Number of protein chains: 2
Amino acid sequence: MTSARARTGRPRSAEADRAILDATRAALVELGWGKLTMGDVAARAGVAKTTLYRRWAGKNELVVDAVAALFDEHLDLPDLGSLAADIEGVVLRFAALLERPETKTALMAVVAESTRDEALRVRIRRAIVDRQKRLVLLGRERAQARGELPLEEDATAAARNADLIFDVIAGAVVHRALVSGQSVDEEWARGFTALLVGGLSGV
Amino acid sequence: MTSARARTGRPRSAEADRAILDATRAALVELGWGKLTMGDVAARAGVAKTTLYRRWAGKNELVVDAVAALFDEHLDLPDLGSLAADIEGVVLRFAALLERPETKTALMAVVAESTRDEALRVRIRRAIVDRQKRLVLLGRERAQARGELPLEEDATAAARNADLIFDVIAGAVVHRALVSGQSVDEEWARGFTALLVGGLSGV
DNA sequence: CCAGTTACGCTACGACTCGTAGCGAAAGAG
DNA sequence: CTCTTTCGCTACGAGTCGTAGCGTAACTGG
């Protein structure tokens with residue numbers, strides 16, 4: 001499967017791939033999603049425009065891959081000892097990524113495009129969303145191991161619940177950072193964690 | 001102030017305004033944000049392209065106004081008798097708007113653009129976000145009047161807390177509907193409400 | 001009724017971006 | 001050394017952008 005395609009002929013330059021993705025991120029920082037053009041990225045990367053189109057169908061796919069690389073590098077979560085500390089940790093990780101200018105301008109834009117492009121939506125899910133989700137699931141497992149959260153017996157209910165928690169955490173951070181346009185600092189993370197753990201009625 | 005500008009000369013056609021905004025929403029449904037063009041909207045509305053540019057600076061501002069009209073019409077919240085019921089109500093209102101094809105494709109796109117355009121961000125806030133926020137504040141006041149939530153003494157802390165709750169509710173709905181791409185139905189609304197009210201540790 | 005003022009529809013325009021095609025050269029596999 | 005694929009380059013038609021210029025339409029104050 002891995003060697004089935006392109007066993008012969010000139011191989012694609014891995015260096016070009018790196019240069020293109022780097023150039024894409026740089027262009028996102030300087031120009032933002034709206035003014036980023038394929039021709040500009042090609043020029044920055046020092047490759048021909050046709051080379052871009054041989055590897056990516058268009059701007060959407062290219063930008064998803066360029067941003068996904070950031071999520072790959074910067075998303076991990078050490079065990080901070082308690083459920084609350086882990087939630088604060090994951091919130092601050094998300095926020096650190098969302099407040100970069102590259103991701104800030106690109107993420108919402110590709111998600112917007114994905115509402116009319118199912119293939120793009122799947123690509124985003126695999127490249128970005130699922131990576132975030134794993135952190136939430138990890139924190140959940142740790143909390144269950146500590147006895148802070150009950151073990152769930154029904155698998156489908158557990159999955160539904162995990163989806164819910166993920167949407168709440170990721171959604172709140174995204175909304176705070178991108179829609180409300182305010183910074184996700186430690187103070188906000190503490191307040192959010194207290195709300196999530198204790199609820200509105202909790203003290 | 002209101003009569004200070006354009007007291008003389010031919011007045012702008014209010015009918016043209018309506019036709020343009022209707023055409024914009026129709027174009028969003030058919031084409032989506034990405035393929036919507038000013039020329040196409042003008043043709044649909046039966047006006048000249050120059051007329052659009054006399055009233056809106058560009059695609060971003062036009063679409064914000066077109067979508068804002070929907071939020072104006074469909075955002076109110078009857079008193080449902082309890083905090084939990086009110087939260088479910090507001091969640092389902094948000095969801096009903098977000099699941100329309102016009103708003104689905106437009107909202108994230110203009111928010112993405114607004115990360116590089118402060119004036120646009122303010123316009124979105126005033127036209128859309130603040131209208132949503134009022135519903136959350138309203139539900140909060142009702143809950144306090146019922147005694148379900150404590151009255152807060154410190155005004156700045158209360159405002160900060162209201163911002164937090166709003167980001168959590170709106171963020172969760174947006175994330176569920178647009179990023180996870182799953183429907184916000186009554187079952188999800190119930191689960192979300194239970195989590196928000198009781199917290200992770202609450203039963 | 002008449003000038004003054006503003007909005008309108010229409011046309012045309014240069015600048016830009018898109019995505020593709022065609023070419024000869026380069027880089028590997030067998 | 002041949003076959004295959006990628007590469008950089010150039011060129012292209014199509015489409016969009018935002019603006020300018022023009023004559024006409026609509027409304028106001030004298």
For chain B, what % of the accessible area comes from carbon and sulfur atoms, probe 1.4 Å? 51
Buried accessible surface, B vs A, both sides, probe 1.4 Å, in Å² to 100, equals 4000
For the protein assembly as shown, build the charge dipole from Cβ charges (+1 Lys, Arg; -1 Asp, Glu) around the Cα centre, then report which of B:F166, A:L83, A:G199 sits farthest towards its positive end. B:F166
With a ≥ b ≥ c from the Cα gyration tensor eigenvalues, square-rooted, and the rule rounded for a/c under 1.5, otherwise prolate when a/b > b/c and oblate otherwise, the protein assembly as shown is oblate
Once you order the gyration tensor axes a ≥ b ≥ c over the Cα atoms, which shape class does region A:74-173 get: rounded for a/c under 1.5, otherwise prolate or oblate by comparing a/b with b/c? oblate
Quick one: Debye curve from the C-alpha atoms of chain B, no solvent, what's log10 I(q)/I(0) at q = 0.15, 0.16 Å⁻¹? -0.99, -1.07
FRET efficiency estimate (nearest 0.05) - Cβ-Cβ, B:E73 to A:A85, R0 60 angstrom: 0.85
Suppose R0 equals 30 Å. What FRET efficiency, 1/(1 + (r/R0)^6) with r the Cβ-Cβ distance, do A:R10 and A:R116 give to the nearest 0.05? 0.25
With each run of n ≥ 4 DSSP H residues scored as -39500 (n - 2.57), what mean residue ellipticity at 222 nm is computed for chain B after dividing by its residue count and rounding to the nearest 500 deg cm²/dmol? -22000 deg cm²/dmol
How many lysine pairs are close in the protein assembly as shown, with Cα atoms under 14 Å apart and the two 8 or more places apart or on different chains? 6
Relative contact order of chain B, pairs being alpha-carbon contacts under 8 Å that are 6 or more residues apart, as %: 22
With a 10 Å cut-off between alpha carbons and a GNM built on chain B, which of B:A112, B:A177, B:A14 moves the most? B:A14
What are the label-to-label distances in nm, one decimal and shortest first, from A:R126 to the same spot in the other copies, with labels 7 Å along Cα to Cβ? 4.5
Put a point 7 Å out from Cα along the line to Cβ at B:R12; what are the distances to that point in the other copies, in nm, shortest first? 4.9
Å² per residue, accessible surface of the protein assembly as shown at 1.4 Å: 49
In nm to one decimal, list the spacings between the B:R44 label point and its equivalents in the other copies, with label points set 7 Å along Cα to Cβ, shortest first. 3.2
Just to check I understand the Karplus step: with θ = phi - 60° and J = 6.51 cos²θ - 1.76 cosθ + 1.60, what whole-Hz values come out for region A:180-191, glycine and proline as x? 6, x, 10, 6, 8, 9, 5, 4, 5, 4, 5, x
The answer for chymotrypsin sites (Phe, Trp or Tyr not before Pro) in region A:14-84 that fall in a DSSP coil and have at most 15 neighbouring Cβ atoms within 10 Å is none
Peptide B:32-40: average number of partner chain Cβ atoms within 10 Å per residue? 2
Using the Cα centre as the reference, give the magnitude of the dipole from point charges on the C-beta atoms of region B:1-102 (Lys, Arg: +1; Asp, Glu: -1; all else neutral), rounded to the nearest 20 debye. 940
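The values are calculated or read from the model by the stated rules, or taken from the named source; none is laboratory data. All values reported here derive from a predicted model rather than from experimental measurement. Neighbour counts run over all protein chains shown; Cβ positions are idealised from the backbone, glycine included. For accessibility, only protein heavy atoms count, side chains too; no ligands or nucleic acids. Shrake-Rupley method; radii C 1.70, N 1.55, O 1.52, S 1.80 Å.
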